[in-house]
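Engineer: One structure is given below, represented as structure tokens, and several questions about it will come after.
The values are calculated or read from the model by the stated rules, or taken from the named source; none is laboratory data. Here the structure is a predicted model, which is why all the values come from computation and not from measurement. Because the Cβ atoms are built from the backbone with ideal geometry, glycine has one as well, and the counts that use them run over all protein chains shown. Note: accessible area is taken over every heavy atom of the protein model, side chains too, but ligands, DNA and RNA are not part of it. Shrake-Rupley method; radii C 1.70, N 1.55, O 1.52, S 1.80 Å.
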Amino acid sequence: MAAAPAKRPNIIVFLVDDMGWQDTSEPFWTTKTPLNERYHTPNMERLAREGVKFTNAYANAVCTPTRVSMLTGMNAAHHGVTNWTSPKGDHNTDNADEQFGPANWNYNGLSPVPDIPQTVYATPFPQLLKEAGYLTIHVGKAHWGSAGTPGANPYNLGFMVNISGHSAGHPQSYLGQENYGNIPGRSTLQAVPDLAEYHGRDTFLTEALTLEAIKALEQPIKTGQPFFLNMAHYAVHVPLQADKRFFQKYVDAGLDTREAMYASLLEGMDKSLGDLMDYLQEQKVAEETVIIFMSDNGGLSLTPPRGGQMHTQNLPLKAGKGSLYEGGIREPMLVKWDGVAKAGQTCDQYVVIEDFFPSILEMAEVVPKRLVQQLDGQSFVPLLQDNDVIDTTRSLVWHAPNKWIPDDGPGINYKSAIRKGQWKLIYDMRNGSFELYDLQKDIGEQHNVLAHYPHKGKELVGLLGAKLRKWDAPMPIDKISGKPVRIPDKLPIE
């Protein structure tokens with residue numbers, strides 16, 4: 001008699017909002033840092049012991065581009081959703097600029113159906129999992145499309161259960177006593193839907209979402225149906241509010257009020273991770289469930305709302321959210337898959353958020369028969385077992401032709417970047433200048449070595465320009481010429 005086929009694994013993506021690479025007590029660098037000592041995330045430490053830690057994992061610099069890349073397997077320069085999308089339909093979120101007019105980017109986000117203005121039409125992988133027999137569940141922040149478009153509703157993207165996901169990118173309030181923003185006369189587009197059971201109660205939003213996620217898992221676990229859970233927390237996005245379960249310990253440790261609030265949001269998120277892991281163990285499905293931990297962009301480094309000195313919140317990395325320096329794009333990534341992922345191992349191979357699409361389909365043993373889009377990501381599944389050799393031939397691209405905030409900052413507004421091996425090149429659209437960094441020696445991007453390695457700069461600018469042209473990447477409009485800013489193809493010194 002033939003052996004029964006192995007059960008396809010359950011899959012959980014645990015996606016945190018605005019969490020930086022150093023916002024954890026689990027070190028992702030070669031040494032523990034003061035920030036690792038500041039925060040307390042024991043369940044991330046636990047997940048790292050039980051899975052593989054990726055030290056060079058990347059997302060985009062802001063939220064919606066990352067979320068669309070994850071669901072489509074496309075680079076942001078390819079799908080054209082290069083900035084955060086508004087909860088209002090047909091609203092370009094770019095700030096006004098004296099030098100540039102807005103790029104022709106897809107400010108309405110992702111669409112699973114064609115011919116929706118300013119959207120990228122693509123097949124989201126949850127739809128493929130649903131068609132393959134998975135129960136697909138979304139809990140928390142969605143932010144894939146603007147209101148009035150199909151992508152605003154997770155049900156249209158292949159999710160069979162949706163709890164609290166809509167077109168907004170942050171919560172109006174984390175507090176149950178404030179109904180998470182749902183107060184007559186005071187409610188905004190950021191009010192979190194679907195949690196009326198907790199209104200008026202002292203239940204922090206992170207906890208309410210965790211309780212609802214566990215409820216949603218009861219039925220598939222009972223019936224043995226494989227499930228995909230997109231556990232997408234609103235934490236640790238602003239508004240900074242104290243999770244009272246953890247806040248005082250950070251005040252007592254000497255943090256200012258804002259940073260104590262931030263630390264409490266992180267520890268509440270970590271408790272959610274632990275609660276889910278405990279529940280899977282209690283239900284005896286932990287061994288057949290993949291957990292992928294990730295953040296959607298770097299930690300916020302603007303002050304206010306953060307405390308401390310501007311752009312120091314992600315040290316040793318430079319800058320933070322919105323920046324194409326490492327502080328804005330490098331993320332804490334962990335993958336647990338019993339029997340496949342080598343427990344306690346570290347992987348230094350650089351990977352990126354669009355890799356999630358082919359990786360999750362490979363885990364689920366789903367071979368797509370039809371895809372609208374061409375994939376840019378590649379599966380990281382082989383790295384879960386064999387991660388000793390680093391592929392330095394791969395190149396990763398970031399593209400931010402937008403004005404995210406009114407004032408430019410380090411690596412913020414109108415930048416593109418490429419990494420290949422240890423080398424990273426950043427292109428400034430404002431003045432056509434370039435910076436080159438050796439990340440192996442200079443993770444803080446303090447020393448521009450372009451003058452010393454012009455041949456490496458020439459190679460990378462050629463690769464960057466070729467990729468942007470291939471994808472027809474949106475570029476801002478020069479107000480003087482009325483034409484798009486040129487896609488880089490050579491160094492000024494050539």
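Engineer: Hey, can you tell me all the residues within region 479-494 that are without any contact (Cβ under 8 Å) to a residue 24 or more places away in the chain and open to solvent by less than 80 Å² (accessible area, probe 1.4 Å)?
Structural biologist: The answer is 481, 482, 487.
Engineer: From (1) over 14 Å from residue 157 (Cα atoms); (2) more than 22 Å from the chain's Cα centre (by Cα), pick out the condition that doesn't hold for residue 118.
Structural biologist: (2)
Engineer: Hey, another quick one. Pull up region 173-202, narrow it to residues that are among the polar types (S, T, N, Q) and touching a residue at least 24 places away in the same chain (Cβ under 8 Å), then point me to the one that is farthest from residue 143 (Cα to Cα).
Structural biologist: Applying the filter and picking the extreme gives 177.
Engineer: Please verify whether region 401-413 includes one or more residues that are part of a strand (DSSP E or B) and not hydroxyl-bearing (Ser, Thr, Tyr).
Structural biologist: Within region 401-413 (the criterion being part of a strand (DSSP E or B) and not hydroxyl-bearing (Ser, Thr, Tyr)), the answer is yes, since at least one residue qualifies.
Engineer: Can you name every residue in region 215-237 that is in a strand (DSSP E or B) and within 23 Å of residue 173 (Cα to Cα)?
Structural biologist: Listed by number, the residues that qualify are 230, 231, 232.
Engineer: What are the residues in region 65-110 that are open to solvent by less than 10 Å² (accessible area, probe 1.4 Å), out of contact with any strand residue (DSSP E or B) (no Cβ under 8 Å at 6 or more places or on another chain) and either under 16 Å from residue 485 (Cα atoms) or at pLDDT below 95 (or both), if any?
Structural biologist: 105
Engineer: I need the full set of residues from region 174-204 which are open to solvent by 20 Å² or more (accessible area, probe 1.4 Å) and at positive phi, in order please.
Structural biologist: Selection gives 179, 185, 194, 200.
Engineer: Which of (1) free of Cβ contacts under 8 Å to residues at least 24 places away in the same chain; (2) closer than 24 Å to residue 57 by Cα is the odd one out, the single condition residue 278 does not satisfy?
Structural biologist: (2)
Engineer: Can you tell me which of (1) assigned to a loop (DSSP other than H, G, I, E, B); (2) open to solvent by less than 60 Å² (accessible area, probe 1.4 Å); (3) over 26 Å from residue 414 (Cβ atoms) is the one residue 162 doesn't meet?
Structural biologist: Condition not satisfied by residue 162: (1).
Engineer: Pick from 432, 409: which is touching a Leu at 6+ places or on another chain (Cβ under 8 Å) and closer than 21 Å to residue 99 by Cβ?
Structural biologist: The conditions single out 409.
A quick yes/no check of all residues on (1) closer than 19 Å to residue 322 by Cα; (2) surrounded by fewer than 16 Cβ atoms within 10 Å (Cβ to Cβ); (3) within 23 Å of the chain's Cα centre (by Cα):
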| site | (1), (2), (3) |
| --- | --- |
| 416 | yes, no, yes |
| 419 | yes, no, yes |
| 438 | no, no, no |
| 451 | no, yes, no |
| 470 | no, yes, no |
| 477 | no, no, no |
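Engineer: From the list 463, 468, 439, which residue is touching a helix residue (DSSP H, G or I) at 6+ places or on another chain (Cβ under 7 Å) and either more than 26 Å from residue 348 (Cα to Cα) or not aromatic (Phe, Trp, Tyr) (or both)?
Structural biologist: 468
Engineer: Something else now. Does region 346-369 hold any residues that are surrounded by 22 or more Cβ atoms within 10 Å (Cβ to Cβ) and assigned to a strand (DSSP E or B), and which are they?
Structural biologist: Result: 347, 351, 352.
Engineer: Something else about it: Determine whether region 322-334 contains at least one residue that is part of a helix (DSSP H, G or I), open to solvent by 10 Å² or more (accessible area, probe 1.4 Å), in contact with a strand residue (DSSP E or B) (Cβ under 9 Å, 6 or more places away or on another chain) and in contact (Cβ under 8 Å) with a residue 60 or more places away in the chain.
Structural biologist: There is no residue in region 322-334 that is part of a helix (DSSP H, G or I), open to solvent by 10 Å² or more (accessible area, probe 1.4 Å), in contact with a strand residue (DSSP E or B) (Cβ under 9 Å, 6 or more places away or on another chain) and in contact (Cβ under 8 Å) with a residue 60 or more places away in the chain.
Engineer: Go through region 281-321 and report how many residues are on the phi > 0 side of the Ramachandran plot and surrounded by fewer than 18 Cβ atoms within 10 Å (Cβ to Cβ).
Structural biologist: Selection size over region 281-321: 2.
Engineer: Which residue is nearest to residue 202 (Cα to Cα), if the candidates are limited to region 154-189 and must be of a type in the set (Ser, Thr, Tyr) and within 19 Å of the chain's Cα centre (by Cα)?
Structural biologist: 164
Engineer: Now, a different point. Kindly evaluate residue 221 against the criterion of being within 20 Å of the chain's Cα centre (by Cα), closer than 24 Å to residue 128 by Cβ, β-branched (Val, Ile, Thr) and modelled with pLDDT of 95 or more.
Structural biologist: Judged against the criteria, residue 221 is not a match.
Engineer: Tell me which residues, restricted to region 49-59, are open to solvent by less than 10 Å² (accessible area, probe 1.4 Å) and either of a type outside the set (Gly, Ala, Ser) or assigned to a helix (DSSP H, G or I) (or both).
Structural biologist: Hits for region 49-59 are 52, 54, 58.
Engineer: Does any residue in region 82-104 that is under 23 Å from residue 296 (Cα atoms) come within less than 9 Å, Cβ to Cβ, of a residue that is among the basic types (Lys, Arg) and open to solvent by 10 Å² or more (accessible area, probe 1.4 Å) six or more places away or on a different chain, and which pairs are these?
Structural biologist: Listed by first residue and then by second, the contacts come to 83/403; 94/403; 95/403.
Engineer: Please find, among 378, 385, the residue that is open to solvent by 50 Å² or more (accessible area, probe 1.4 Å), without any contact (Cβ under 8 Å) to a residue 40 or more places away in the chain, closer than 26 Å to residue 289 by Cα and not basic (Lys, Arg).
Structural biologist: So the residue among 378, 385 that is open to solvent by 50 Å² or more (accessible area, probe 1.4 Å), without any contact (Cβ under 8 Å) to a residue 40 or more places away in the chain, closer than 26 Å to residue 289 by Cα and not basic (Lys, Arg) is 378.
Engineer: Of everything in region 436-478, what is without any contact (Cβ under 8 Å) to a residue 40 or more places away in the chain, over 29 Å from residue 101 (Cα atoms) and of a type in the set (D, E, K, R)? Give them in sequence order.
Structural biologist: 438, 441, 442, 456, 459
Engineer: Checking residue 330 against (1) over 14 Å from the mean Cα position of the chain (by Cα); (2) under 24 Å from residue 391 (Cβ atoms); (3) of a type in the set (Lys, Arg), only one condition comes out false. Which one?
Structural biologist: Result: residue 330 passes all but (1).
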